[in-house]
Amino acid sequence: MIAPDGRGRCGWAVSAPDYIAYHDEEWGVPRHGDDALFERVCLEAFQSGLSWITILRKRENFRAAFAGFRIDRVAEFDERDVERLMADAGIVRNRAKINAAVTNARAAQQLDGGLDAFLWSYAPEPRAAADRPRSLGDVPAVTAESTVLAKALKKAGFAFVGPTTSYALMQATGMVDDHILECWRAGAR
């Protein structure tokens, strides 16, 4: 889809300035670092059942509320922290998702080699240019790889990491590049 600035973009990215910036600067760009990836695991879980724009617009509030998504800090959260977060109108106040963030921090601490190495070990090989999605309808919500990743995360003690959430994580962190063919970002990892 051609955006007002004349650039071709994935259709979902042109409905709001927040989406354009996220699409152009982050989505599909390889992201590394345990804490950076932990943030994405948490935000994708919080997004479950909601619009991504809601999470984007609250992201700075989430970062403040969750100690910058530093794994070791979030792993120390206790029931007082959960109650503090439940009272924070700047984030999504869902007890199960808040508890999942704490659980996931503790699980991430236990991973041999760290979260970055663990997640990226499930990244599929980059697709050939000829296999690039031609439209949003060609972009899957779940793949065999995301199903395997979800099972591995659950086995490692993570919560709120089903196959759809895992695939969204893979897309958001550049493990897969689902920019459609006419998008200026396609293949520009």
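Each value in this text was obtained by applying a stated rule to the coordinates, not by laboratory testing. Given the structure is predicted, the values throughout are model-derived calculations rather than measurements. All Cβ positions, even for glycine, are placed from backbone atoms using ideal geometry, and neighbour counts span all protein chains on display.
Brief remarks follow.
- Overall, the ratio between the Cα radius of gyration of the chain and 2.2 N^0.38 Å, rounded to two decimals, is 1.03.
- Axis of helix 52-65 versus longest Cα principal axis of the chain: the two differ by about 40°, to the nearest ten degrees.
- Chymotrypsin sites (Phe, Trp or Tyr not before Pro) within region 38-120: DSSP coil, no more than 13 neighbouring Cβ in 10 Å: none
- Karplus (6.51, -1.76, 1.60) ³J(HN,Hα), θ = phi - 60°, over region 177-185, in Hz, Gly and Pro reported as x: 10, 9, 5, 6, 3, 7, 6, 5, 7
- Using C-alpha pairs below 8 Å separated by at least 6 residues, the relative contact order for region 1-144 is 22 percent.
- Helix 163-172 axis, angle to the chain major axis (alpha carbon atoms, nearest 10°): 70
- Exposed loop sites here are GluC sites (Glu not before Pro) assigned a DSSP state other than H, G, I, E or B and surrounded by at most 14 other beta carbons within 10 Å; excluding them, the longest clear run of the chain is 77-189.
- Taking the square roots of 5 times each eigenvalue of the Cα gyration tensor of region 1-95, largest first, gives ellipsoid semi-axes of 29, 15, 9 Å.
- From phi via Karplus (6.51, -1.76, 1.60), per-residue ³J(HN,Hα) for region 153-162 in Hz, x at Gly/Pro: 5, 4, 4, 7, x, 7, 10, 6, 9, x
- Region 33-49 - phi-based ³J(HN,Hα) in whole Hz, Karplus 6.51/-1.76/1.60, Gly and Pro as x: x, 4, 5, 4, 6, 4, 4, 5, 4, 5, 5, 5, 5, 5, 6, 3, x
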